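Undergrad: One structure, pasted below without further comment.
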Amino acid sequence: IYRRYRSKAELAAAAIEGALADVNPAPPSSGSLRDILIAVLSNVAVLLDKTPFGGAVAALVGVHDEPDLIACLKRVEARRRSLLRGVLSAARDRNEYPPRRNIDLDIDALLGALYFRALFRRQKPGAAFVRALVDQWLAAQ
């Protein structure tokens, strides 16, 4: 393990990134912004609810005293956010996403709702929740 990863932090970050990449290697190449967001966020919801990933992330939520782990997780988070950034940027190019909107804030709102529901409220972020989240977010544009 340590031939490939220099530390436990790198190993944990690689496992999390691998799980996220497996469920959303790339956004769907066609469809409306609504359809694409539902597909991408539904995959994250399944990962949080039906795999060990949700428990692993829950265990890491309170980690504040391991700088190596925090730095690795920030790199993973930045790479995975780029997927949604690409979705929203492409939607902006198609005039489905207003230029006045803040992409990073919208990513926080969409992902934050899923993670908050799963990790803090301990409720399943199922398909109906994802559809309602996306529909309400789109209505607020």
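The values are calculated or read from the model by the stated rules, or taken from the named source; none is laboratory data. All values derive from a computational prediction rather than experimental measurement. Here Cβ is always computed from backbone atoms with ideal geometry, including for glycine, and neighbour counts include all displayed protein chains. The accessibility values were calculated without ligands, DNA or RNA, using every heavy atom of the protein model including side chains. Shrake-Rupley method; radii C 1.70, N 1.55, O 1.52, S 1.80 Å.
Undergrad: So residue 78 fits all but one of (1) within 16 Å of the chain's Cα centre (by Cα); (2) surrounded by 12 or more Cβ atoms within 10 Å (Cβ to Cβ); (3) modelled with pLDDT of 75 or more; what number is the exception?
TA: Failed condition: (2).
Undergrad: Among the residues of the range 122-141, write down those that are open to solvent by 50 Å² or more (accessible area, probe 1.4 Å), at pLDDT 90 or above and more than 24 Å from residue 91 (Cα to Cα).
TA: Of everything in the range 122-141, just one residue is open to solvent by 50 Å² or more (accessible area, probe 1.4 Å), at pLDDT 90 or above and more than 24 Å from residue 91 (Cα to Cα), namely 123.
Undergrad: Tell me whether the range 11-19 contains one or more residues that are under 25 Å from residue 93 (Cβ atoms) and at pLDDT below 80. So that I can check it myself, show each step before the final result.
TA: Initially, the range 11-19 is screened for residues under 25 Å from residue 93 (Cβ atoms), giving none.
No, the range 11-19 contains no residue that is under 25 Å from residue 93 (Cβ atoms) and at pLDDT below 80.
Undergrad: Are any residues in the range 87-107 open to solvent by less than 80 Å² (accessible area, probe 1.4 Å) and charged (D, E, K, R), and if so, which ones? Please lay out each step first, then the result.
TA: The first filter runs over the range 87-107 and keeps only residues open to solvent by less than 80 Å² (accessible area, probe 1.4 Å), leaving 87-92, 96-98, 101, 103-104, 106-107.
Residues satisfying the conditions are 92, 96, 101, 104, 106.
Undergrad: Can you work out which of the residues in the range 50-63 that are at pLDDT 70 or above and either touching a Pro at 6+ places or on another chain (Cβ under 7 Å) or not in a helix (DSSP H, G or I) (or both) is most open to solvent (accessible area, probe 1.4 Å)?
TA: Filtering the range 50-63 for residues that are at pLDDT 70 or above and either touching a Pro at 6+ places or on another chain (Cβ under 7 Å) or not in a helix (DSSP H, G or I) (or both), the one most open to solvent (accessible area, probe 1.4 Å) comes out as 52.
Undergrad: Can you work out which of the residues in the range 108-121 that are of a type in the set (Phe, Trp, Tyr) and free of Cβ contacts under 8 Å to residues at least 12 places away in the same chain is surrounded by the most Cβ atoms within 10 Å (Cβ to Cβ)? So that I can check it myself, show each step before the final result.
TA: Of the residues in the range 108-121, the ones of a type in the set (Phe, Trp, Tyr) are 115-116, 120.
Narrowing the set further to residues that are free of Cβ contacts under 8 Å to residues at least 12 places away in the same chain leaves 116, 120.
Values: 116: 12, 120: 10.
My answer is 116.
Undergrad: Looking at the range 19-46, I want the residues that are in contact (Cβ under 8 Å) with a residue 60 or more places away in the chain and have a partner that is exposed (fewer than 12 other Cβ atoms within 10 Å of the Cβ) with Cβ atoms under 8 Å, at least 6 apart or on another chain. Which pairs are those?
TA: Pairs found: 33/94.
Undergrad: Tell me yes or no: at least one residue of the range 91-103 is part of a helix (DSSP H, G or I), within 15 Å of the chain's Cα centre (by Cα) and not acidic (Asp, Glu). Even if it seems obvious, please write down each step before you answer.
TA: At the first step, the residues of the range 91-103 found to be part of a helix (DSSP H, G or I) are 91-93, 103.
After this cut, where a residue has to be within 15 Å of the chain's Cα centre (by Cα) as well, the list is 103.
After this cut, where a residue has to be not acidic (Asp, Glu) as well, the list is 103.
Within the range 91-103, one or more residues are part of a helix (DSSP H, G or I), within 15 Å of the chain's Cα centre (by Cα) and not acidic (Asp, Glu).
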